[in-house]
1. Taking only the alpha-carbon positions of the stretch 12-59 and ignoring solvent, what does the Debye formula give for the base-10 log of I(q)/I(0) at q = 0.17, 0.18, 0.24 Å⁻¹?
2. How do 34, 98 rank when sorted from fewest to most other Cβ atoms within 10 Å of their own Cβ?
3. Would you kindly work out the equivalent ellipsoid of the stretch 61-149 from its C-alpha gyration tensor and give its semi-axes, the square roots of five times the eigenvalues, largest first in whole Å?
4. Per 5 Å bin, what percent of the C-alpha pairs of the chain does each bin hold, from zero upward?
Amino acid sequence: MTIPPPFLPPPLDDDAQPFWDGCALGELRVQRCTDTGRLIFPPRPLSPHGSRRAPEWVAVSGRGTIWSFVVPHPPLLPDFERVAPYNVVVVALEEDPTIRMVGNLVAGSDGAIDQIDPAGLAIGEPVQVVFCPLGDGWVVPRWGRVPPG
């Protein structure tokens, strides 16, 4: 899948590199405080908990629930306008609902961001991370619906 041209990858730094490395391997990673065990996201050089030492990276399940969402409509940047309306979801992670990640709800790892009907989005809906390759070595986490049962 390719994304609209205005996608600008975030600047890579030592704090976030393990997150993106995990995405490339199909693993959702967050930081964990080595003193308290509390999860941390977004990445940072020092834990905001405990003795403020460097946190460790851990893999999480990639399961969560839709905490909030928006549906952008035109007028937008031209390249995004052509795929609007599309969804942007905020997902609360299962391991710690105060850890929230932003992405799109898609039908699969190669699904387009405008493929899901926004009218069917529901706060509290269970989701599972899917990893979407975007080209140029970038793999981003997005979210897919959890099948019933």
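1. With one equal scatterer per Cα and no solvent, log10 I(q)/I(0) is -0.43, -0.48, -0.78.
2. Details: 34 14, 98 10.
Lowest to highest Cβ neighbour count: 98, 34.
3. Values: eigenvalues 89, 49, 29 Å².
Ellipsoid semi-axes (Å, largest first): 21, 16, 12.
4. Once binned at 5 Å, the Cα pair distances of the chain give 2, 10, 17, 21, 19, 16, 9, 5, 2, 0.
Here, each number is a calculation from the coordinates, and none is a lab measurement. Just so it is clear, the structure is predicted and the values come from calculations on it, not from any experiment. Ideal geometry is used to build each Cβ from the backbone, glycine not excepted, and the neighbour counts take in all protein chains shown.
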